[in-house]
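Each remark here refers to the structure printed beneath this line.
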Amino acid sequence: MWELRLYVAGQTPKSVTAFANLERICNEHLAGRYRIEVVDLTRTPQLAAGDQIVAVPTLMRKLPSPIRKIIGDLSNTERVLIGLDLRVVTAAPPGQTGGSHA
């Protein structure tokens, strides 16, 4: 079971977008195996210090260990998947640098 905590500061557009993106990603890649807790730091600011939250929105993966954090509205799905360790970063095939060839 994946335990995810999304830190937000009220119902700002970025916070709403972050939650929608997180829910979509979880439904697609963790269907039935996740729990999302939303922490509104305007209501419980003391939680920010305990979990060392310096910006919002911030997603924190509590379980499985180790704890991982991703800052932003989670709109870059690939970055979120890599950040959560749901997708492995693939290297370019041998002999290719990933640049364009003239």
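None of the figures in this text is laboratory data; all of them are computed from the coordinates on show. Note that this is a predicted model, so its numbers are computed, not measured. Cβ placement follows ideal geometry from the backbone for every residue including glycine, while neighbour counts extend to all protein chains displayed.
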Listed with the fewest Cβ neighbours within 10 Å leading, Arg43, Arg61 appear as Arg43, Arg61
Taking the chain and counting helices only, DSSP H stretches of n ≥ 4 at -39,500 (n - 2.57) each over all residues, the nearest-500 ellipticity at 222 nm comes to -8000 deg cm²/dmol
What whole number of Å gives the distance from the Cα centroid of region 19-38 to the Cα centroid of region 1-17? 11 Å
With Cα coordinates, the longest principal axis of the chain makes an angle with the long axis of helix 13-29, in degrees rounded to 10, of 60 degrees
Could you give the nm distance between label points at Arg24 and Lys62, where each point is 7 Å from its Cα heading toward the beta carbon? 2.6 nm
Overall form of the chain per C-alpha gyration tensor (a/c, 1.5; a/b vs b/c): prolate
At 7 Å along Cα-to-Cβ for each site, give me the label-to-label distance between Arg33 and Arg79 in nm. 2.5 nm
Any residue on another chain or 5+ positions along whose placed amide H is under 5 Å from the amide H of Tyr34 is listed here as Trp2
Taking θ as phi - 60°, what are the ³J(HN,Hα) couplings along region 71-82 by the Karplus curve (6.51, -1.76, 1.60), each to the nearest whole Hz, with x for Gly and Pro? 9, x, 8, 6, 7, 8, 4, 4, 5, 5, 4, 5
